[in-house]
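Below is one structure, written out as structure tokens; the observations come after it.
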Amino acid sequence: MIDVVVTGAAGRMGTTLVRCLQGAEGLRLAAGVERPGQARFEDAGELAGLGRLGVPVKDSLAAALDGLARPVVIDFTSHEASAAHAELCAARGAGLVIGSTGFTPETKARVQAAAARIPVVLSPNMSVGVNAVFALVREAARILGDGYDVEVLEMHHNRKKDAPSGTALRLAEVAAEALSRDPRQDLVYARHGLVGERTKREIGVQTLRGGDVVGEHTVFFVGEGERIEISHRATSRDQFARGAVRAAAWVAGRPPGLYDMFDVLGLRSGR
Ligand SMILES: NC(=O)C1=CN([C@@H]2O[C@H](COP(=O)(O)OP(=O)(O)OC[C@H]3O[C@@H](n4cnc5c(N)ncnc54)[C@H](O)[C@@H]3O)[C@@H](O)[C@H]2O)C=CC1
Ligand SMILES: O=C(O)C1=N[C@H](C(=O)O)C[C@H](O)C1
């Protein structure tokens, strides 16, 4: 049995993970972690609305890892917390699955440094469906080439802190890579005022926020006289959590390195 620790245990994803980990083959939920004062209950099951499971909620990852042998941490918190958790996991020899988004170059570099010492799966979207969409977008961009304008649109709930979503950024990067463009120069995040005609190289990434939208992404390939749209709409967080649980089982015992869901799903060779 692999001991799993869920950080952000009171959050939208944390509570979904606690539920989806129940009965997961080969995995045992050992502890939840929340910021001091954030958890209304001392038991992770109660946080998730499942009643008492006998799974303690600790107020630091360090305390949760004490006494566990070769655990795996599933972390959906924030980019700063994930970077700090990655450093702690590296010091303690724990495997790590990170779903947080909104990384800066600095917080991403800290995760990369940790991944030299432990196996880390980092993906802005853990759902199998979205990873299929990454592959479809890459293929569509390769087939369609430079004759089609590429635009990415995402919509999420009104509590989301980062924009654009990590998934939208990855979709734009996948298209940019397939079209030999540079994401650092060719992504355009918003348009307002007299911005001039659209350039052929740019890939627009636009953000909508509202209500309880779980997560919606569309990549548009807009040509002369036709338009292709590749869309994914999440109607529940369970698919993100199921992907993360699958990643936790996969990452245990792997060599150190930075992996993503393409590795977990065996899609790497097609990249
Ligand atoms: N990769 C994927 O498939 C998905 C990624 N996400 C990302 O996951 C992150 C979390 O999303 P939500 O669950 O919706 O947010 P949320 O705000 O509902 O939950 C985050 C939780 O983390 C806790 N937290 C923050 N810092 C902490 C620390 N140092 N130690 C312990 N707990 C800490 C907060 O108190 C909160 O309860 C976001 O970055 C979001 O974009 C969300 C859904 C899917
Ligand atoms: O914050 C969210 O909710 C989500 N975040 C991820 C992202 O930023 O791409 C994935 C998912 O769409 C939900």
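Computed from phi, the 3J(HN,Hα) profile of region 42-54 under the Karplus parametrisation 6.51, -1.76, 1.60 (θ = phi - 60°) reads 8, 10, 4, x, 5, 4, 8, x, 9, x, 6, 10, x Hz, with x in place of Gly and Pro. State the answer as a single residue: which of Cys20, Thr207, Gly253 lies farthest towards the positive end of the charge dipole of the chain, with beta carbon charges of +1 for Lys and Arg and -1 for Asp and Glu, about the Cα centre. My answer, from the dipole projection, is Gly253. Once the gyration tensor of the Cα atoms in the chain is diagonalised, the equivalent ellipsoid follows with semi-axes of 35, 19, 17 Å, ordered largest first.
Database remark: amide H of Leu187 closer than 5 angstrom to the amide H of Ile203 (H placed geometrically; neighbours at sequence offset of 5 or more, or on other chains; Pro and chain starts carry no H).
In this simple spin-label approximation, Phe262 and Glu177 carry label points 7 Å from Cα along the Cα→Cβ vector, and these lie 0.3 nm apart. Once backbone amide H atoms are built at 1.01 Å from N, Leu122 has Ile98, Tyr259, Asp260 as its partners under 5 Å, excluding neighbours fewer than 5 places away on the same chain. Applying 1/(1 + (r/R0)^6) with r as the Cβ-Cβ distance of Arg209 and Ala62 and R0 = 30 angstrom yields a FRET efficiency of 0.30. Around the Cα centre of the chain, unit charges on the Cβ atoms of Lys, Arg, Asp and Glu (plus for the first two, minus for the last two) sum to a dipole of about 400 debye. Taking other Cβ atoms within 10 Å as a rough exposure proxy, Leu96, Leu258 sort from fewest to most as Leu258, Leu96. Using a basic spin-label model with each label point 7 Å from the Cα along Cα→Cβ, how many nm lie between Thr104 and Asp146? Placing both labels 7 Å along Cα→Cβ, they lie 3.6 nm apart. Neighbour counting of Cβ atoms within 10 Å sorts the residues Arg12, Arg198, fewest neighbours leading, into Arg198, Arg12.
Between helix 166-178 and the chain there is an angle of about 50 degrees, using the helix long axis and the longest principal axis of the Cα atoms. Placing unit charges on the Cβ atoms of the charged side chains and taking the dipole of the chain about its Cα centre, the candidate lying farthest along the positive direction among Leu53, Ala86, Ile74 is Leu53.
Only the coordinates and a few stated rules stand behind these numbers; no lab work does. This structure is a prediction, so every number in the text was calculated from the model and none was measured. Because the Cβ atoms are built from the backbone with ideal geometry, glycine has one as well, and the counts that use them run over all protein chains shown.
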